1. Work out from phi, with θ = phi - 60° and the Karplus expression 6.51 cos²θ - 1.76 cosθ + 1.60, the ³J(HN,Hα) of each residue of the stretch 19-28, listed in order in whole Hz, and give x for Gly and Pro.
2. Multiply the residue gap between LYS68 and SER216 by 0.36 nm, knock off their C-alpha separation, and tell me the result in nm, one decimal place.
3. Which order, highest average first, do 41-50, 26-35, 8-17 follow once you tally other Cβ atoms within 10 Å for each residue and take the mean per peptide?
4. Need the full-extension length gain, ALA51 to ASP20, defined as separation in residues times 0.36 nm minus the C-alpha distance. One decimal, nm.
5. Where does the charge balance sit around LEU62 when Lys and Arg score +1, Asp and Glu -1, over other residues with C-beta under 15 Å from its C-beta?
6. Apply 1/(1 + (r/R0)^6) to the Cβ-Cβ distance of GLU77 and GLN8, taking R0 = 25 Å, and write down the FRET efficiency to the nearest 0.05.
7. Please turn the phi angles of the stretch 10-18 into ³J(HN,Hα) values with the Karplus equation 6.51 cos²θ - 1.76 cosθ + 1.60 (θ = phi - 60°), one per residue in order, whole Hz, x for glycine and proline.
8. Mind checking the full-extension length gain between GLN284 and LEU44? Use 0.36 nm per residue of separation minus the Cα-Cα distance, one decimal, nm.
Amino acid sequence: MSQIEIAQIIDQIKQEIQIDANGQGKASVRAAARLANVNDAGLLRSLKTAADISRSKLAERLIYKGFKGAEIKSWSESGIPDVAVATILHYYGYEAGKRCTAQAKLACEAFESIGVRAWIQDLLGWTKPATQPQEQSTTSALPPVEQRLHTLVLAMKTLAELTGGRLNPYMEQQFKDYAGNLLAEHNRKLLTPSEERWLGVVNFAESKLGKKVPLSGAHYRGHLGTWVRTFYPQLGDRQETRLVNGVQQPIYVYACHDPVVAAGLTKAIEEFFAHPSPGAALRQAGAFASKKEPVLTK
């Protein structure tokens, strides 16, 4: 018996081998018997003893491999799993005593490098179904904090060169405040990882809505903060210490990660800039009557 003859037998029993969608193969009792060169009726009798008190040595070997007695008995109808075919070939090749066959041993040698399952898959041309690629998120992420600070330093250097070292003091201070607050926010996230984002109303107006909040005039930033606290107190009253003009100051911050708060801030800011004289509206509402120490807006 040669490997060529094994290949011929395999070609003859090809129609009695099947494979499921997961790549697991099965062979009929006749196909397994042909591979092992044993009588198919004798193999069937051995398998059917798996549910009996007195089992065949082959049935005991299969049960030792983890198969159930009732399951083995049903293989005459459902087919023999590929892992069990390998056990049957090994049994008749090396463990069956005088019933060992050279063909079963040769078949074991032919399959031992790739396994019976891989052989069945190759024989029947099975390929693993392509998995559906996961949709990649299109959400843009901010650069790392160290990269943002580096960009800020380069921007300050460029501005200083363009202005001959006469950078506007207010603008320079704004840069320093931004850098300090950026580092503080980064450190807070490292200490208490969270998806929360708390912003001052001016920061929200400028970074999220693209507004330019002036330092003076009818719509200056101090009045904007008072407007929100006066007409939209339900948005919150949390205070945090932030850098303002180089000095640590308490400012009101809002939960901008909350869609309801973000929508409320947007509405308040739009109303503030649409009003011809927000200062007069605030005085009429009694916003400036309190004697409490003012809290700055950032």
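1. Listing the rounded values in order: 9, 9, 5, 8, x, 8, x, 9, 10, 6 Hz.
2. Answer, rounded to one decimal: 44.7 nm.
3. Output ranking for 41-50, 26-35, 8-17: 26-35, 41-50, 8-17.
4. 8.5 nm
5. +4
6. Rounded to the nearest 0.05, the efficiency is 0.35.
7. Listing the rounded values in order: 4, 5, 6, 9, 4, 5, 9, 10, 9 Hz.
8. Net length gain for the segment: 76.5 nm.
Rule-based calculations on the coordinates, nothing more; no lab input. This is a predicted model, so every value here is computed, not measured. Methodologically, a virtual Cβ is constructed for each residue, glycine included, from the backbone with ideal geometry; neighbour enumeration extends over all protein chains shown.
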